[in-house]
Structure formats: structure tokens, C-alpha cells
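For reference, the structure is listed below as C-alpha cells.
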């Protein structure tokens with residue numbers, strides 16, 4: 001069993017990194033080489049900007065290369081709850097932004113000819129308890145009436161046509177959702193940006209950021225100093241560099257995943273006959289899907305803990321038990337990959353993007369970043385060009401989380417709280 005991301009292990013490494021020092025001037029410095037940073041760099045370069053991208057590790061090393069590879073539309077939260085909280089019109093606008101994110105991924109895959117097995121397979125949200133099905137049905141009725149006619153319910157009696165498991169009580173299908181090989185996608189985006197002239201430096205963390213005396217910004221790195229007219233922070237949960245303001249507003253939560261050995265097609269036809277992305281309704285969520293080479297991936301919030309080799313192994317054992325619970329016939333299946341990554345969660349589980357003190361940022365995707373990060377990277381290129389109205393998150397304030405200064409000391413308490421909720425709700 002490899003303690004590494006399946007996506008990164010089964011995709012070609014990024015080949016176009018700059019080899020020289022970091023020096024000189026640029027129009028835009030992008031901090032972070034994940035989906036947000038790579039898509040933003042590509043969009044900015046297409047507009048004619050001179051762009052330098054700085055990545056502390058390697059392209060896709062963090063959350064962008066460690067997720068489930070699901071490109072889902074729809075909110076993590078219940079649509080009815082969201083509508084009541086922010087109003088129907090605002091909820092519909094944000095819902096359509098997630099739709100646009102899936103469309104953006106598909107467009108970039110097509111335009112840049114990225115070989116990442118993108119497919120519109122749909123997503124099914126599975127009721128973990130009988131009462132959860134009723135809640136899903138109420139939410140689907142609102143969705144169909146207001147913003148997404150491409151949703152429908154599947155009863156428990158018909159669920160075998162979607163998922164070969166007795167664990168669930170029906171589900172809600174989102175027809176617009178898609179799947180892909182996210183490692184190949186993020187590295188393909190970075191290669192596309194490099195073809196457009198973006199100077200990409202791997203293993204080059206930002207160690208200093210301050211205003212320049214003549215305007216713009218000065219960025220320090222171990223490889224030299226860069227002067228940039230504009231800066232975009234696309235760094236997510238990074239603990240590298242002077243990002244204290246961001247760290248008080250994002251909680252890094254561990255997400256953990258396992259991937260089986262390749263499985264017979266006949267087995268997958270029983271377990272996931274339509275090959276949809278699947279996610280359940282628990283607070284400590286479990287999700288699963290097939291991979292392009294016929295494995296089964298299963299992930300979730302196995303433990304509210306940081307990701308490291310020891311933590312990943314402990315979480316992998318929990319996820320393997322979940323796999324056997326959902327699909328008992330896979331008890332003998334070998335687990336080939338187990339890994340973890342840090343998800344950048346905001347307090348309300350909604351992204352944040354905007355500008356502060358002349359520095360632009362987009363992050364906080366809260367486990368739904370594959371499509372939204374790609375969309376927001378592209379949108380931030382327009383925002384930085386003066387089109388602020390295109391930012392769907394422009395009217396959302398972003399207060400600091402009380403008692404949070406960067407180290408998530410409270411995660412075990414949060415995990416205990418959600419375990420109790422899952423037991424009694």
C-alpha cells in the first residue's frame with residue numbers, strides 16, 4: 001500500500017518548471033500551484049500579462065492533487081437551508097456558479113486537450129438514514145422548481161440501479177456533475193499556462209510579502225526577490241509565508257482517501273453501474289467513485305486530524321472498515337493507495353475571494369474545490385483586470401474565527417460533535 005496520492009502517482013510530473021532564479025518584474029505573481037493558481041495563471045497569460053507562479057512544493061502537491069477528483073455541482077449544504085439563510089435569489093446565483101465551475105473544467109479540458117478522463121457521470125447523494133431521504137426529497141423539489149431541473153430522486157426500491165449496497169435508503173441525483181483524473185487535470189492546466197509563457201517555479205515558497213516603494217509588491221523567496229504589480233494568493237491552507245490574516249479565517253481539516261486494486265468490470269457494474277460520484281448525508285461524510293483504471297476510491301472525514309503518514313494510516317484503517325460496510329463483497333480487495341490532504345474549510349463552508357490591502361485572494365472551497373477553484377482562478381483574472389462584479393463571493397464578509405490563530409487545536413472537539421450528530425440525527 002502506497003502512502004501517496006493515487007492522482008499524483010498515476011500522472012506525469014510537471015515538466016515545464018523554470019530552472020533559473022526568481023528575479024525581475026512581472027505583471028502578476030500567483031502564489032500557489034494548485035487548481036486556482038494554475039487556472040488563474042493561464043487566464044492572465046491569455047490576456048497578455050507577464051505572470052510568475054510560485055509553488056512551495058510541486059504542481060498539485062496539496063489539496064488540488066489529494067481530493068476525490070469529483071467535479072460536482074450543487075451545494076454541500078441543503079438548498080432550502082441556504083435559501084432561507086441568504087435569500088432565494090442569492091442562493092440561485094451561487095448554485096449557478098457551481099454549475100459554471102463544472103462547465104469551466106469541461107471547457108478547459110477541451111480547449112487545452114488535457115487527457116484527464118473527464119466525463120459527465122452525475123452525482124448521487126445517498127440517504128444514510130430513512131429520515132434523510134425525506135429531507136433530500138424536499139430539497140430536490142425546491143431545486144427543480146427554482147434552479148436545477150436536472151435533479152431527481154431515486155427510491156430505496158430502485159437504488160440498485162445506482163449503487164450496489166444495502167447501506168442506503170435512496171438518493172438525490174445531480175445530473176450535471178462530472179468526474180475526472182484530477183492529477184492529470186491540474187498538471188495539464190499548469191503545462192497549458194507554461195505554453196502561454198507563464199514562468200512557473202516549483203519548490204519556491206513565498207517567504208516575504210510587502211508593498212514596493214514605487215507601487216506594487218515585493219515578494220521574497222529562497223531563490224530571489226520578485227517585484228509584481230499585482231499578487232494573487234491561491235495558497236489554500238498553506239502554512240508557508242506571511243499569511244496570518246488568512247490562517248485566522250481558514251480551518252485546515254484532514255481529508256483521507258483509499259483506493260483499491262483494479263477490480264473486475266463485472267464487479268464495478270454491480271457496485272456502481274452508472275459510475276456516478278457518490279456521497280452520503282452524514283456530517284462525517286463518506287464518498288466514493290470509480291477511477292479511470294477500474295479501481296474504487298473511497299474517502300471522507302475519517303478523523304478530524306492533520307494529515308501525516310501515521311495519521312493517514314490510522315484514517316486508512318477506518319476508511320477500509322467503511323468500504324467493507326458499504327460494499328461487503330470488497331472485504332478481500334487489496335488497498336493499493338492511502339493518503340490524506342488538508343481541506344481549507346471556512347466557518348460557513350463557502351469560499352471567499354476578493355482583495356485586501358492590494359492583495360487578491362481566492363480560497364476556502366471547503367471540500368468542493370475541484371470545480372469552484374478552477375472557475376475562481378479564471379474569474380480572478382477578470383477581477384484583477386477591473387471586473388469586480390464577476391466575483392460571486394464579493395459581498396461575503398470574512399470575519400476571523402474566534403480563538404483560531406492557525407493551529408487547529410479544536411479539531412478533536414469538532415469531530416466528537418459531528419459524531420454525536422451523526423448518531424442522533
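All of the numbers you see were taken from the coordinates with simple rules; none came from a lab. Predicted model, so just to flag it, every value in this text is computed and none were measured. Note: ideal-geometry Cβ built from the backbone for every residue, glycine included; neighbour counts use all protein chains shown.
Observations, loosely collected:
- Between the Cα long axis of helix 411-424 and the first principal axis of the chain there is an angle of about 30°, rounded to the nearest 10.
- Along its first, second and third principal axes, ordered by size, region 65-205 spans 52, 38, 29 Å in Cα coordinates.
- Start at zero, step by 10 Å, and the Cα-Cα distances of the chain spread as 5, 23, 33, 26, 11, 3, 0 percent across the bins.
- Taking the three principal axes of the alpha carbon atoms in region 204-308, the coordinate ranges are 65, 28, 23 Å, sorted in descending order.
- Listed by Cβ neighbour count within 10 Å, with the fewest neighbours leading, 152, 393 appear as 152, 393.
- Tilt relative to the chain, helix 182-195 - C-alpha long axis, 0 to 90 degrees, to 10: 20 degrees
- With neighbour counts taken as other beta-carbon atoms within 10 Å, the residues 376, 206, 345 rank, fewest first, as 345, 206, 376.
- Per residue, the convex hull spanned by the Cα atoms of region 1-146 measures out at 181 cubic angstrom.
- From the Kirkwood radius over Cα pairs of region 144-207, Stokes-Einstein at 37 °C and 0.692 mPa s returns a whole-number translational diffusion coefficient of 203 µm²/s.
- Crossing angle, helix 35-46 versus the chain [Cα axis fit, 0-90 degrees, rounded to tens]: 50 degrees
- Pairwise alpha-carbon distances in region 109-153 exceed 18 Å for 49% of all pairs.
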